[in-house]
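Taking it in order: structure first as structure tokens, then the write-up.
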Amino acid sequence: MDVIAKPASESATEMVQVVLPNDTNPLGFILGGTVMHLIDIAGAIACHRHTRSLLVTAAVDDLEFLHPIKVGDLIILKSRVTCVFNTSLEVQVTVFSEETLTGRRRLTSRAFLTFVGIDRDGHRVKVPPLLVETDAERRVCEEAQGRRAARLRRKSEVLKSEA
Ligand SMILES: CC(C)(COP(=O)(O)OP(=O)(O)OC[C@H]1O[C@@H](n2cnc3c(N)ncnc32)[C@H](O)[C@@H]1OP(=O)(O)O)[C@@H](O)C(=O)NCCC(=O)NCCS
């Protein structure tokens, strides 16, 4: 696995696909579950490009569907690694709709996902550091540290409530 620091720009990914009738509910709006699936894939691709390792999804932060995406529209997903921890990393995925005839774009969802690097035996593997290039990227990574702490607190509360 690569160990040299890499910039987020190297793994940033954009996925575009057309919304087909099979992906939609009776109103002709894309299914929430389909959007969640695409978010997972877009996030995973950026993280794979960063780590070049096997990964599992550990967490998806809360998700809103701000506007419907209609059959015939394009769905655009942009993913970018925001921060790298030790064996895990956070990626942001933003989702847009684009009307094919007008080009009108709207932000429809934004999600933060955490992936964990693993090997074929299921052992955690360290992920390559992120080369932070701008003040804006530094801020984004600092914010990610706060989200990570909140996630791990939530996880430990869930585990406690299960016991
Ligand atoms: C995610 C998973 C690997 C974490 O394993 P674990 O033994 O509970 O966690 P560990 O304490 O070893 O932590 C490993 C890393 O994951 C992070 N992590 C674990 N649970 C997390 C959560 N709920 N949210 C965010 N990060 C989490 C830890 O912070 C740690 O990161 P770090 O090394 O960068 O500090 C494990 O719970 C798992 O395999 N879950 C199922 C994953 C899955 O099936 N996903 C869907 C298909 S890909």
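With a point put 7 Å past each Cα toward its Cβ, work out how far VAL56 is from THR134 in nm, to one decimal.
A separation of 3.5 nm, rounded to one decimal place.
Could you work out, for region 88-134, what percent of all Cα-Cα pairs fall into each 5 Å distance bin, beginning at 0 Å and stopping at the bin that holds the largest distance?
Answer for region 88-134: a P(r) of 5, 15, 15, 15, 14, 12, 11, 8, 4, 2 percent.
Once Lys and Arg get +1 and Asp and Glu get -1 on their Cβ, which of LEU159, LEU89, THR24 lies farthest toward the positive end of the dipole of the chain?
Farthest towards the positive pole: LEU159.
Give LYS6/LYS155; LYS6/LYS160; LYS78/LYS160 a once-over and call out the pairs whose C-alpha atoms are over 32 Å from each other. Write out the running numbers ahead of the final one.
Working: LYS6/LYS155 29 Å; LYS6/LYS160 37 Å; LYS78/LYS160 35 Å.
Exceeds cut-off: LYS6/LYS160; LYS78/LYS160.
Let's test the formula: R0 of 25 Å, r as the Cβ-Cβ distance of ASP40 and LEU74. What FRET efficiency results, to the nearest 0.05?
So, using R0 = 25 Å, E works out to roughly 0.85.
For region 28-163, how big is Rg over Rh, using alpha carbon atoms and the Kirkwood form of Rh?
1.01
Say a paramagnetic label sat at a point 7 Å from the Cα of LEU63, along Cα to Cβ; which residues of region 107-150 have their backbone N under 11 Å from it?
Under 11 Å, as judged by backbone N against the label point of LEU63, lie 109-113 of region 107-150.
If the reach is capped at under 13 angstrom between alpha carbons, list the aspartates and glutamates near LYS126, excluding any in the same chain fewer than eight residues apart.
Filter leaves ASP2.
Could you check the spin-label model distance between ILE118 and ALA149? Points 7 Å from the Cα along Cα→Cβ, value in nm.
Result for the modelled spin labels: 2.9 nm.
Tell me the angle of helix 32-51 to the major Cα principal axis of the chain, expressed in degrees between 0 and 90 and rounded to the nearest ten.
Value to nearest ten degrees: 40.
In the chain, which cysteines lack any other cysteine Cβ under 4.7 Å from their own?
Taking the Cβ cut-off of 4.7 Å, the unpaired cysteines of the chain are CYS47.
Computed FRET efficiency, Cβ-Cβ of LEU159 and VAL16, R0 41 Å: what is it to the nearest 0.05?
Numbers: r = 39 Å, r/R0 = 0.94.
Taking R0 as 41 Å, the efficiency between LEU159 and VAL16 is 0.60.
Over the chain, with a Gaussian network built from C-alpha contacts below 10 Å, which listed residue (THR87, THR13, THR100) shows the highest mean-square fluctuation?
Among THR87, THR13, THR100, the largest GNM mean-square fluctuation belongs to THR100.
Nearest 10 degrees is fine. How inclined is helix 135-162 to the longest principal axis of the chain, computing both from alpha carbons?
Between the helix axis and the principal axis of the chain, the angle is about 80 degrees.
Any idea what the dipole of the chain comes to, in debye rounded to 20, about its Cα centre with Lys/Arg Cβ at +1 and Asp/Glu Cβ at -1?
For the chain, the charge dipole is close to 280 debye.
May I ask you to list the aspartates and glutamates whose Cα is less than 12 Å away from that of LYS70, ignoring any residue fewer than eight positions away on the same chain?
Straight-distance partners of LYS70: ASP23, GLU98, GLU99.
Values in this text are rule-based calculations from the coordinates and carry no lab data. These numbers come from a predicted model, not from an experiment. Glycine also receives a Cβ, built like all others from the backbone with ideal geometry; neighbour counts cover every protein chain displayed.
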